[in-house]
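The structure under discussion appears below in the form of structure tokens.
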Amino acid sequence: MKEGRPRSFYVLAIFFAAYVLFLYGPMIAIYVLSFQGPQGGLTFPMNGVSTFWIAKLFQGTGIVDLGAAFRRSLLLGVIVMIVTVVLSVAAGMAFRRKFRAQSILFYSAIASLIVPSIITSLGISLEFRIIDDLIKAHWNENFETSMGLLTSGLGAHLTWTLPFGLLIMFAIFNRFDPRLEEAARDLGATPWQTFRHVVLPIILPSVIGIGLFGFTLSWDELARSSQAIGAVNTLPLDLQGLTTTVTNPDIYALGTVISAVSFTVITLALGTIHMLNKRQAAKGSDAGKGLV
Amino acid sequence: MSEEVLQQASPGLIPGSGTARAAKPTRLSPSFVSWLQAGPMMLVFLAFFLIPLVFVVIVSFWDYNEYQLLPAFSGRGYTDTFEGCIAQLPDLCTIGRTYVMTLKLCFLVWAITLFIGFWVAYFLAFHVKSKTWQMGLSLLCTIPFWTSNVIRMIAWIPLLGRNGLVNSGLVKTGLINHPLEWLLFSEFSVVLALVHLFTFFMVVPIFNSMIRIDKSLIEAAYDAGATGFQTLVNVIIPLAKPGIVIGSIFVITIVMGDFITIGVMGGQQIAAAGKIIETRVNALQFPAAAANAVILLAITFLIITMMSRIVDIKKEL
């Protein structure tokens, strides 16, 4: 261990640092630029420092109806998060023993992850159009559309978040010790008690990780929403619409506000995971600590 | 005999055994429980992924006019797409040129993300010794993935624009007289943004493969007199191959179907496979859009099959 670092360490450390700078540098630039003064433009140098553009966003006099899109995205993100967590944990449990259609579900998830988003999105929009046509033809001529935020939009987002949830569950159970469950069973726990009091507390930090993926992937989702979201827009779609007509720093302000939500959620999730891990380390097992 | 004892102590440990069920009649059968657990996710994929894919294929053979779908068999979606491809030979037709462009972007982004991803993963897996640091640095690479792609694209504008930091810096130092026009809304900025957004998909699987490599193999190679380069080529790269292939599949399929990054960073001027689909949808030509989706799907599937020949994906997860 104490042989001293080889030269390749320093070369790669610099390479890694450059990569991190490449990742964060541009993002930080727009966070800074969103605090441009009222006369400021789209690029550096800063023309004074103010919260003018961010305030303008919240007054609703700016480029989009921020409030409505914000609430829609938040609602969708929270629902996607909850559904992703519940369905992923359930399916992850199912994968621990053999069942029929196991490989169909596995390959569906992988395919859903790698089939280009635009194709999934187009497919969902065609599906709902055809459903609409059927309803109009057979039941209700005045029917408008079944497409919407919480039908086709929710489905589109789930095809993107569920594969991540399932893969995280695989990773969890790869290093899960099944003897813990056997012990619970031997002590007379029902399957539900075993899950509730043994399995869930152990996997909880990773389950919060699934929730983090579920919310952030939905909050920023764009490609799948593009055709399948229906008449209303989510926040990222509004933002993308603005990229063709950028003239003011208010687009940066919008970006900063969206990112602020992402970073709040990331911090909350990572903080909770850290706390749970610490608690597990402290109270999880008293093996080897003596009997008294 | 021992099996019977085991069952008495812990029914359900031996899967599919009838006696376990008989012993506790109130228990749901294991296969029913599995269906309850996995069923909801299967239904979501069925309703929002598998059936939509079937509709894409069906609609690609429908007819259309200016404003609606006509559910009658027609190859028009495909013939419109390949219009002029034979007449214009030896020149490439529009769809041909578009795919050449898409594959070129794909190849560039793949090569660059592989290079960066490999060395970033290598550094994290072999040079960072402390688990805490490894976690922290991996997290540092992951956090941008949880933030918005569009924002990460827009973020290049103040740097690469006509009056951006790069141009004004270069003009000030006297290296160039006029601002470079090809920095933004060009192939260059598209590739840059794609690399910026998706190197993560290369880092994670390669890191996963590398972290599983037994360190004693590397010591053995060193003891046997291998140079660092020989160890890399003969030990590390072959063992990291599954991660490299999975990462490559991710990056290639993302770039093949991308239309947002190429649209935003290419100033809506660069044609690509995903963008044709979007354009056709916006013109309400759904069968043509679906036909293009089928073509894109077929080519993507071909690439994945070729790559998964090299490695068994299911074994690696």
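The values are calculated or read from the model by the stated rules, or taken from the named source; none is laboratory data. In this text, all values refer to a predicted model and were calculated from it rather than measured experimentally. Cβ: placed from backbone, ideal geometry, glycine included. Neighbour counts: every protein chain shown.
Computed values, structure above
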{"read-out": "Helices (runs of 4 or more DSSP H) enclosed by segment B:35-130 - at least 1 residues per element that are within 14 Å of chain A (Cβ to nearest Cβ), under 30 Å from residue A:131 (Cβ atoms) and not hydroxyl-bearing (Ser, Thr, Tyr)", "value": "B:51-59, B:76-81"}
{"read-out": "Any helices (runs of 4 or more DSSP H) falling wholly within segment A:115-213 and containing at least 2 residues that are facing another protein chain (nearest Cβ under 10 Å) and touching a Pro at 6+ places or on another chain (Cβ under 7 Å)", "value": "A:117-138"}
{"read-out": "Which listed residue, of B:132, B:94, B:79, B:173, is surrounded by fewer than 19 Cβ atoms within 10 Å (Cβ to Cβ) and not assigned by TED's automatic domain parsing to the domain that holds residue B:287", "value": "B:79"}
{"read-out": "Criterion (among the aromatic types (Phe, Trp, Tyr), over 26 Å from residue B:147 (Cα atoms) and at pLDDT 85 or above) met by exactly one of A:95, A:143", "value": "A:95"}
{"read-out": "Output for segment B:193-217, where each listed residue is without any contact (Cβ under 8 Å) to a residue 12 or more places away in the chain and in a helix (DSSP H, G or I)", "value": "B:215, B:216"}
{"read-out": "Residues of segment A:204-257 satisfying the condition of being touching a Leu at 6+ places or on another chain (Cβ under 7 Å), buried (at least 24 other Cβ atoms within 10 Å of the Cβ) and among the β-branched types (Val, Ile, Thr)", "value": "A:229, A:234, A:251"}
{"read-out": "Count of residues meeting criterion [out of contact with any helix residue (DSSP H, G or I) (no Cβ under 9 Å at 6 or more places or on another chain) and without any contact (Cβ under 8 Å) to a residue 12 or more places away in the chain] in segment B:52-67", "value": "1"}
{"read-out": "Total residues in segment B:146-179, condition touching a residue at least 12 places away in the same chain (Cβ under 8 Å) and part of a helix (DSSP H, G or I)", "value": "9"}
{"read-out": "Residue within segment A:237-256 that is of a type outside the set (Val, Ile, Thr), more than 10 Å from every other protein chain (Cβ to nearest Cβ) and outside any helix (DSSP H, G or I) present", "value": "yes"}
{"read-out": "Residues of segment B:131-145 that turn out to be free of Cβ contacts under 8 Å to residues at least 24 places away in the same chain and more than 7 Å from chain A (Cβ to nearest Cβ), as a count", "value": "8"}
{"read-out": "Given (1) over 18 Å from residue B:148 (Cα atoms); (2) over 23 Å from the mean Cα position of the chain (by Cα); (3) within 7 Å of chain B (Cβ to nearest Cβ), number of the condition residue A:29 does not satisfy", "value": "(1)"}
{"read-out": "Segment B:160-200 - residue that is in contact with a Gly (Cβ under 6 Å, 6 or more places away or on another chain) and not aliphatic (A, V, I, L, M) and, of those, modelled with the highest pLDDT", "value": "B:199"}
{"read-out": "Unmet criterion (only one of (1) more than 30 Å from residue A:159 (Cβ to Cβ); (2) surrounded by fewer than 14 Cβ atoms within 10 Å (Cβ to Cβ); (3) at pLDDT 90 or above) for residue A:82", "value": "(1)"}
